[in-house]
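The values are calculated or read from the model by the stated rules, or taken from the named source; none is laboratory data. Since the model is a prediction, treat every value here as computed from it, not as a measurement. For neighbour counting, all protein chains shown are included, and Cβ atoms are generated from backbone atoms with ideal geometry for every residue, glycine included.
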Amino acid sequence: MSRIPFSLNMVWSHTPAVATLAAVSAVSLLSACDPKVADDTGTGDTDADTDTDTDTDTDTDTDTDTDTDADVNYTIVATTTDYSVGALVTISKDGVLSDNVAPASSDAGVRSVAGRVYVMNRSGENTVQRFEEMDFSAPTLEFSTGDGSNPHDVAECGGAIVVSLYAGDSLMVVDGRTGLQTASVDLSAFNDSDGSPEPDGMYVAPNGYLYLAMNQLESYVSADGSGTIAKIDCSSWQVVGSWDVGPNPFFQVDPTNPARLAVTGGDYYNSDYSGPELDGALSYFDTTDDSFTTTEFTEVSLGMNLGAVTGTPDGYRIATLDDGYTWSLLCIAPDGTTTMSDVGEAYIGSMEATPDGKVWASIGAGYGMGTPPTTGFTPLDPVACSAGNAVSAALGPSSITVAIIP
């Protein structure tokens with residue numbers, strides 16, 4: 001699927017191809033909801049857990065254990081909003097909410113990099129803040145990204161901070177000590193007629209290169225059916241490779257392999273807005289050799305928009321599905337079997353995996369006329385394909401990131 005853009009925020013994506021859907025069964029997670037403007041979709045945390053299953057035996061029995069880092073300490077950091085004001089909140093590993101730990105813009109994204117937390121303030125503010133050691137009393141660094149720039153994601157590469165500016169045609173490279181811009185990455189070769197390729201999510205792969213998704217949209221739809229993943233050298237700040245992956249691409253790191261990206265994308269509604277535009281798919285991009293694997297699912301085979309995909313280090317995954325009004329979760333087991341769980345008339349704006357095998361989702365009220373489900377930051381069990389109790393803040397849920405605490 002795609003993500004619905006809000007204030008030119010990211011829009012979930014995909015690439016066309018063919019696949020078949022394995023056995024699907026329905027399990028109710030949540031009920032339905034009231035209409036509301038879409039929450040900020042954020043970019044999703046792209047910091048991968050590098051712990052992998054090292055079991056090399058050749059047994060053929062069905063293992064029921066999960067290879068997760070249950071002892072790793074982490075905190076969920078999230079943004080909340082009522083579309084007038086925003087705030088940062090934290091959720092501890094055991095689900096305890098600390099509300100309003102710092103102010104944020106009404107349309108803010110959040111990203112954790114090596115334990116540091118970056119907040120991208122949009123909605124006219126156009127600033128980036130960095131917080132360290134989970135101390136949100138004051139940022140250790142704050143800088144402007146320029147009027148109307150719309151910062152969308154942050155990465156650290158080549159000893160510098162890199163910011164994607166959704167309204168521009170370059171990446172901003174900043175000195176992490178001073179907050180001053182030291183370089184830029186020229187993306188103008190990928191511009192469409194609105195003068196920007198809409199640079200969005202970023203990830204520094206184990207090979208040391210920065211990978212960037214460019215949505216290439218005009219008025220919230222694909223300009224010409226294309227979308228690009230680019231590879232950037234963090235010493236020369238040059239684009240050294242690019243791949244057309246279909247409209248409005250979005251990626252998250254495969255938790256089973258930090259060198260692999262799960263790529264989705266596509267336009268959201270069809271041309272007459274009568275339903276979803278089924279032009280996306282789930283495929284995987286391997287940064288070790290910059291190649292795509294076979295497409296696993298298509299939106300045509302699923303019959304719904306396909307959004308973010310994340311999961312556990314042992315191969316259980318959750319993907320979001322929607323028809324523009326109602327949302328579902330597609331749970332995928334390591335052997336490829338699937339279970340579909342109904343969420344209802346809600347909006348899943350952000351979804352991130354934690355080292356202990358959970359997936360946390362930001363579930364807000366949707367656009368239909370039904371009874372709203374319980375909304376908030378909700379833990380999901382990708383093995384049982386079930387939802388835990390939502391954690392609700394004073395403002396509505398928005399973007400999520402997972403900060404690993406040393």
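The table below lists the values:
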quantity	calculated
Out of D289, D279, sole residue that is surrounded by fewer than 18 Cβ atoms within 10 Å (Cβ to Cβ) and either under 22 Å from A384 (Cβ atoms) or among the charged types (D, E, K, R) (or both)	D289
Candidate set from region 102-113 (those that are closer than 16 Å to E352 by Cα and hydrophobic (A, V, I, L, M, F, W, C)); member that is nearest to the chain's Cα centre (by Cα)	V110
Any hit, region 134-151, residues being acidic (D, E) and under 27 Å from G280 (Cβ atoms)	no
Odd one out for S222 among (1) surrounded by fewer than 18 Cβ atoms within 10 Å (Cβ to Cβ); (2) modelled with pLDDT under 95; (3) under 22 Å from the mean Cα position of the chain (by Cα)	(1)
Strands (runs of 3 or more DSSP E) contained entirely in region 84-124, each with at least 3 residues that are free of Cβ contacts under 8 Å to residues at least 40 places away in the same chain and farther than 23 Å from M202 by Cβ	97-104
Among (1) modelled with pLDDT of 85 or more; (2) surrounded by 23 or more Cβ atoms within 10 Å (Cβ to Cβ) - the single one P373 does not satisfy	(1)
Of the criteria (1) buried (at least 23 other Cβ atoms within 10 Å of the Cβ); (2) over 20 Å from V117 (Cα atoms); (3) not hydroxyl-bearing (S, T, Y), which one M351 fails	(2)
Hits in region 123-133 - residues which are over 14 Å from I161 (Cα atoms), modelled with pLDDT of 95 or more and surrounded by 14 or more Cβ atoms within 10 Å (Cβ to Cβ)	N126
One residue from G275, G315 being modelled with pLDDT of 90 or more and either within 20 Å of the chain's Cα centre (by Cα) or farther than 20 Å from A361 by Cβ (or both)	G315
Top-ranked residue in region 319-331 [being surrounded by 23 or more Cβ atoms within 10 Å (Cβ to Cβ) and in contact with a Pro (Cβ under 8 Å, 6 or more places away or on another chain); ranked as modelled with the lowest pLDDT]	D322
